[in-house]
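Okay, structure first, notes after.
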Amino acid sequence: LYPVHRLDVATEGVMIMAFDGKIAGRLQKEFQGGSVRKTYHAICRGWFEDQPSGRIDIPIERDSNGTLADAVTNYRTLAQVDLPYAVGKRYPTARYSLIEAIPETARWHQIRRHLARSFHPIIGDREHGDSHHSRFYRETLGLPGLWLRASDLKFTYESQEWNFSAPVTDRWKQAMTTVGFPDGERL
C-alpha cells in the first residue's frame, strides 16, 4: 500500500491509500495542487462570538527552515456549549465549540496552529493546545486524546468524482453526549 496523504498521529478519520505507486503519485499531485476538498471537525476552547464562520489567513512557519508559507483555513461553528465548570481562574464556566474546518492549503499542523493562534485551541492538542482544558476533558469528563477528525475527502480523479467519509466513531459519539453537543451522527 502507498499512502497518498498524511494525518497527524492523533488525528482520526479518512486516509487514502493506493495499491499502485503510479496512482499514488498522481493522487499526491491532486493533494499538493489543492484540488482535494478536505473537511475536518474539531472541538475547541471558547466560542467564535464575533464570527461564527470565517477565514483564518495566517502564514505558518515551515518546519524545515522556518520561512513563512501562506496558509488558509475556513471554519464554521456547528455548535457551542457552556459547561458549569471553572477551568482555570479566569472564567466561572467553560465554553467549547464544535467546528467544521476546511483548509485551502496543506501545511504541517495547519488547523491546529490556526485555531491556537485564533485563541481557540483544539482540545487535547499537546503541542498547540491549552493544557488546562485538555486535562479537564481527560480527567473530569473522561474524554482523552486529540479532538480533531478528518471527516471527508472529495476529489476528481480521471474525470470521476470521489467522496470518502469517515464514520463517526463511538469515541466522538460519547464526546457529543458527554459535552452536550447535538447529535454527532451528522458529522
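Here are some notes:
- Summed over segment 144-178, the residues that are at negative phi, surrounded by fewer than 17 Cβ atoms within 10 Å (Cβ to Cβ) and not in a helix (DSSP H, G or I) give a count of 12.
- Checking each residue in segment 5-23 for being open to solvent by 40 Å² or more (accessible area, probe 1.4 Å), of a type in the set (A, V, I, L, M) and more than 15 Å from the chain's Cα centre (by Cα) picks out Met17, Ile23.
- Beta carbons closer than 9 Å, at least 6 apart along the sequence or on distinct chains, pair a first residue in segment 103-115 that is outside any helix (DSSP H, G or I) with a second that is aromatic (Phe, Trp, Tyr) and open to solvent by 20 Å² or more (accessible area, probe 1.4 Å) for Pro103/Tyr40; Ala106/Phe31.
- Residues of segment 77-91 that turn out to be of a type in the set (Val, Ile, Thr) and surrounded by fewer than 16 Cβ atoms within 10 Å (Cβ to Cβ), as a count: 0
- In segment 123-136, the residues that are free of Cβ contacts under 8 Å to residues at least 60 places away in the same chain reach residues that are open to solvent by 70 Å² or more (accessible area, probe 1.4 Å) with C-beta atoms within less than 8 angstrom, at least six apart or across chains, in these pairs: Ser134/Arg126; Phe136/Tyr85.
- Only one entry of Phe119, Phe181 meets the criterion of being touching a residue at least 60 places away in the same chain (Cβ under 8 Å) and open to solvent by less than 30 Å² (accessible area, probe 1.4 Å), and that entry is Phe181.
- Some residue of segment 47-57 being over 21 Å from the mean Cα position of the chain (by Cα) and part of a strand (DSSP E or B): no
- Against the numbered list (1) under 28 Å from Ala69 (Cα atoms); (2) open to solvent by 10 Å² or more (accessible area, probe 1.4 Å); (3) acidic (Asp, Glu), Asp125 comes up short only at (2).
- Residues in segment 24-76 that are open to solvent by 100 Å² or more (accessible area, probe 1.4 Å), of a type in the set (D, E, K, R) and over 30 Å from Pro167 (Cβ atoms): Glu49, Asp50, Arg62, Asp63, Asp70.
The values are calculated or read from the model by the stated rules, or taken from the named source; none is laboratory data. Worth saying up front: this structure is predicted, and the values here are computed from it rather than measured. Cβ coordinates were reconstructed from backbone atoms using ideal geometry, including for glycine residues, and neighbour counts include every protein chain displayed. Accessible surface is based on the protein model in full, side chains and every heavy atom, while ligands, DNA and RNA are left aside. Shrake-Rupley method; radii C 1.70, N 1.55, O 1.52, S 1.80 Å.
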